[in-house]
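Here's the structure, in structure tokens; my notes come after.
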Amino acid sequence: MAQPDQPDNSQPQGQIDAELPVPLLYRDAMMLVIDKPAGLPSHRGPQAKRRVIPVLTDYLDQLRFGLPRRPEAAHRLDKDTSGCLILGRHPRAMAELNQMFRDGRIDKTYWAVVQGDPTEDEGLIDLPLARRSPERGWWMKVDPAGLPSQTRYRVLGRGRDETGPLAWLAMEPLTGRTHQLRVHCQASGWPMLGDEIYGTAPREGGPGLQLHARGITVPLYRKREPIHVEAPPPPHMWAALKACGWSAASG
């Protein structure tokens, strides 16, 4: 694996530059990790083709930091999911990051608040997923004939709101299917709070999807410890997280 051009991280974690279009959590010669806001699409899709709403690719030129090329997203987060998103800074970096994702060597942890009361404090959800219809390729369902899909989860806290019991989960996707965490939660009997597709949230005026890419661990350099980056939970999740025992002071 190629060694970094500059071995030291030039952007300490947690140092937020107000001049940047999105919060920057980590930077070195190979990659950036940003805190993608909820509601910001990673790419321009059909809903954004007339540039009615901003998308992440609109801002990538401002994240070059002196390099001739703008960075590219090495993976995707759904529009309504916030948190850690890795950007490769040049073609060599993208090739290495893409291979690491294919090999399953990058660990990702998500926080979610779900409606319901999981029976077990931790477990493995093993349910194959397939497209619900050819017309809506992003809309998924549990299907015995679908692709293998596994999610490990752990309950971090429990609470209640006006809708009933809530649980705060740490979730680790062992596979990378579209909407995997959302469908696995719904199929387990505890849909995500704020999920208007697989849950009970209204199309307008809901609490916002309670799904956050909390942390990533990237073993990018052979002679260094894996890079671990965390993103603070977004404000729209604070109330539900606090109801489950989370404290803003603890991060």
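Worth pointing out:
- Residues that are loosely packed, with under 15 Cβ neighbours inside 10 Å and over 21 Å from the mean Cα position of the chain (by Cα) within the range 144-165 comprise Pro144, Ala145, Arg160, Glu162, Thr163, Gly164, listed in sequence order.
- Output for the range 74-88, where each listed residue is in contact with a Leu (Cβ under 6 Å, 6 or more places away or on another chain) and either open to solvent by 10 Å² or more (accessible area, probe 1.4 Å) or under 20 Å from Leu209 (Cα atoms) (or both): Ala74, Leu77, Asp80, Thr81, Leu85
- Number of the exception - Arg177 against (1) crowded, with 17+ Cβ neighbours inside 10 Å; (2) within 27 Å of Gly245 (Cα to Cα): (2)
- Matching residues in the range 197-221 - criterion: being among the aliphatic types (A, V, I, L, M) and farther than 18 Å from Leu181 by Cα: Val218, Leu220
- Pairs where the first residue, in the range 145-164, is farther than 16 Å from Pro118 by Cβ and the second is of a type in the set (S, T, N, Q) and in a loop (DSSP other than H, G, I, E, B), C-beta under 7 Å, 6+ apart: Pro148/Thr175; Ser149/Thr175; Gln150/Thr175
- Within the range 11-29, not a single residue is modelled with pLDDT of 90 or more and assigned to a helix (DSSP H, G or I).
- Verdict on Arg105 being farther than 23 Å from Met192 by Cβ, surrounded by fewer than 18 Cβ atoms within 10 Å (Cβ to Cβ) and touching a residue at least 40 places away in the same chain (Cβ under 8 Å): yes
- Residue identified as surrounded by fewer than 19 Cβ atoms within 10 Å (Cβ to Cβ), of a type outside the set (D, E, K, R) and modelled with pLDDT of 95 or more among Pro128, Pro71, Pro118: Pro128
- Only one of Trp139, Trp111 that is farther than 29 Å from Asp61 by Cβ, among the aromatic types (Phe, Trp, Tyr) and crowded, with 19+ Cβ neighbours inside 10 Å: Trp111
The values are calculated or read from the model by the stated rules, or taken from the named source; none is laboratory data. Since the model is a prediction, treat every value here as computed from it, not as a measurement. A quick note on method: Cβ atoms are made from the backbone with ideal geometry, for glycine too, and the neighbour counts reach across all protein chains shown. Accessible surface areas use protein heavy atoms only, side chains included; no ligands, DNA or RNA. Shrake-Rupley method; radii C 1.70, N 1.55, O 1.52, S 1.80 Å.
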